[in-house]
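Notes follow the structure.
The values are calculated or read from the model by the stated rules, or taken from the named source; none is laboratory data. Values in this document were obtained by computation on a predicted structure and should not be read as measured data.
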Amino acid sequence: MLGWRLLAQAGAQVLGRGAGCLGAAQSSGNRTDIWLLVRSLHGKSGGTWWDEHLSEENVAFVKQLVSDENKAQLASKLCPLKDESWPIHPWEPGSSRVGLVAVKLGMMPLWTKDGKKHVVTLLQVQDCHVLKYTPKENNNGKMAALTVGGKTVSRFH
């Protein structure tokens with residue numbers, strides 16, 4: 001709030017009033033108020049396009065349509081790896097595996113049974129989908145690549 005106060009004081013000085021007279025009655029008896037309007041951009045996460053341009057029935061219809069489309073896409077196995085899962089081979093030095101996409105929740109202490117304290121990182125795996133498989137011929141000739149998505153969100157936000 002100190003920043004807004006300094007801004008209002010600077011505005012008052014520009015308007016010809018002293019910094020100590022913000023909104024207070026002048027000695028001459030006249031009173032001038034300074035209004036400071038602030039618009040918060042972080043308050044509501046709403047405000048999508050359809051909030052202003054679609055009726056309530058159409059908003060419900062569009063949300064249902066997108067939900068059905070997403071479910072149909074996942075159910076019909078429209079993913080790049082259409083074959084059955086590959087066999088898991090044991091790890092060997094020099095081999096590489098696909099990682100995991102997760103959201104960091106934070107850090108917390110954890111104690112072992114003998115009383116040693118360890119600081120651990122809390123991760124949440126929300127949703128992992130293979131979006132695209134690129135064979136090594138199309139990538140760099142050395143190894144294949146996977147494009148992995150870690151979070152499912154609405155396309156309208």
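In table form, for the structure just shown:
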quantity: Selection count, region 44-76, where residues are in a helix (DSSP H, G or I), polar (S, T, N, Q) and modelled with pLDDT under 75; calculated: 1
quantity: Any strands (runs of 3 or more DSSP E) falling wholly within region 84-157 and containing at least 3 residues that are at pLDDT 85 or above; calculated: 103-111, 117-124
